[in-house]
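Taking it in order: structure first as structure tokens, then the write-up.
The values are calculated or read from the model by the stated rules, or taken from the named source; none is laboratory data. What you see is a predicted model, and the numbers here were worked out from it, not measured in a lab. Cβ placement follows ideal geometry from the backbone for every residue including glycine, while neighbour counts extend to all protein chains displayed.
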Amino acid sequence: MLYYYINLINLYVTYNFIKFKLIINLNNSLTNLILKIRQKLFSIIYPIIDNISANQNESLRHYISNNAYGSILEIGAGNGSNLIFYNKYDKLVLIDNNFDLIKQIDKSSSYNLILADINYLPFKKKSFDSIVSSLVLCSVGNVNTTFKELDMVLKPKGKYFFWEHTVFSNKTIIALKSFFIYIWQFFTNGCDYNIDNISNLESIKWGHIKIHKKYSSLIKFFGIYYIYGVITKK
């Protein structure tokens with residue numbers, strides 16, 4: 001009789017373990033499906049937004065790309081909107097985690113294209129003279145992890161050129177936007193329009209920062225404005 005109950009318990013435990021694994025696998029499959037849908041939607045939406053704002057943003061793209069030099073890494077390269085502004089480099093590497101976006105990049109230019117996560121950069125230490133980002137930090141998930149990765153691959157005296165958006169320091173605006181942020185993030189690959197990128201960038205300890213502000217009527221509606229500048233590694 002004892003043997004019978006032991007077998008019954010074992011069957012019960014095994015059944016629940018298998019059910020648990022099936023639920024986990026189902027959740028993972030669903031999560032991956034949602035991620036693919038979000039990335040696909042963003043690959044359609046971003047080029048439209050980029051085209052609408054191209055004229056207003058040209059000077060910002062020119063600043064971050066034209067000033068980069070030597071061996072250059074661009075993180076979050078998207079559909080390659082900065083490519084036409086690079087004019088001097090020994091090596092150019094573009095990295096993004098959205099396959100649907102990077103396959104839109106012009107294949108006629110000379111560069112290396114890598115599908116990878118910004119927070120796990122697949123490069124050796126001190127590989128690059130310059131790093132470039134444009135409207136990327138709002139979507140990385142953990143900016144501190146990203147900054148550690150940039151510090152790792154950037155050479156001493158190397159430069160990190162950035163163009164990002166940051167939120168107005170208005171608590172009412174932030175509170176109002178919080179009601180819609182999850183809908184916004186679903187369609188914009190996780191973009192956090194309440195992110196304080198001035199504080200984020202100024203928290204970097206491994207370099208000296210120069211930061212500038214630019215206000216744009218196109219994004220003022222969202223309670224944000226642009227910042228751009230450079231961090232020179234110590």
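Could you list, in sequence order, all residues of region 92-112 that are touching a helix residue (DSSP H, G or I) at 6+ places or on another chain (Cβ under 9 Å), part of a strand (DSSP E or B) and either β-branched (Val, Ile, Thr) or closer than 16 Å to Asp50 by Cα (or both)?
Hit for region 92-112 is Ile95, nothing else.
Identify the single condition in (1) within 16 Å of the chain's Cα centre (by Cα); (2) surrounded by fewer than 16 Cβ atoms within 10 Å (Cβ to Cβ); (3) at pLDDT 95 or above that Ile131 does not satisfy, given that it satisfies every other one.
The failed condition is (2).
Exactly one condition in (1) surrounded by 14 or more Cβ atoms within 10 Å (Cβ to Cβ); (2) more than 19 Å from Ile45 (Cβ to Cβ) is not met by Cys138; state its number.
So the condition that Cys138 fails would be (2).
Given the condition among the aliphatic types (A, V, I, L, M), within 30 Å of Tyr120 (Cβ to Cβ) and modelled with pLDDT under 85, answer yes or no: does some residue in region 1-22 qualify?
Yes, region 1-22 contains at least one residue that is among the aliphatic types (A, V, I, L, M), within 30 Å of Tyr120 (Cβ to Cβ) and modelled with pLDDT under 85.
Take region 190-200 and flag every residue that is more than 21 Å from Gly78 (Cβ to Cβ) and not in a loop (DSSP other than H, G, I, E, B).
Ile198, Ser199
I'd like the full set of residues that are of a type in the set (A, V, I, L, M) and part of a helix (DSSP H, G or I), limited to region 201-234.
Scanning region 201-234 gives Leu201, Leu218, Ile219.
Can you tell me which residues in region 185-218 are among the β-branched types (Val, Ile, Thr) and crowded, with 16+ Cβ neighbours inside 10 Å?
Thr188, Ile195, Ile198, Ile204, Ile211
Is there any pair linking a residue in region 67-89 that is at positive phi and without any contact (Cβ under 8 Å) to a residue 60 or more places away in the chain to one that is assigned to a strand (DSSP E or B) and crowded, with 22+ Cβ neighbours inside 10 Å, with Cβ under 7 Å and at least six apart or on different chains, and which?
Gly78/Asp96; Gly80/Leu94
Within region 45-60, take every residue that is within 19 Å of Asn189 (Cα to Cα) and free of Cβ contacts under 8 Å to residues at least 40 places away in the same chain and give me the one that is surrounded by the most Cβ atoms within 10 Å (Cβ to Cβ).
The residue in question is Asp50.
Answer yes if at least one residue in region 143-160 is in a helix (DSSP H, G or I), within 17 Å of Ile95 (Cα to Cα), in contact with a strand residue (DSSP E or B) (Cβ under 7 Å, 6 or more places away or on another chain) and at pLDDT 85 or above, and no otherwise.
Scanning region 143-160 turns up at least one residue that is in a helix (DSSP H, G or I), within 17 Å of Ile95 (Cα to Cα), in contact with a strand residue (DSSP E or B) (Cβ under 7 Å, 6 or more places away or on another chain) and at pLDDT 85 or above.
Count, please, the residues in region 113-142 that happen to be more than 22 Å from Thr166 (Cα to Cα), in a loop (DSSP other than H, G, I, E, B) and not aliphatic (A, V, I, L, M).
8
Which one of Tyr63, Tyr89 is in contact with a strand residue (DSSP E or B) (Cβ under 9 Å, 6 or more places away or on another chain) and either exposed (fewer than 15 other Cβ atoms within 10 Å of the Cβ) or in a helix (DSSP H, G or I) (or both)?
Tyr63
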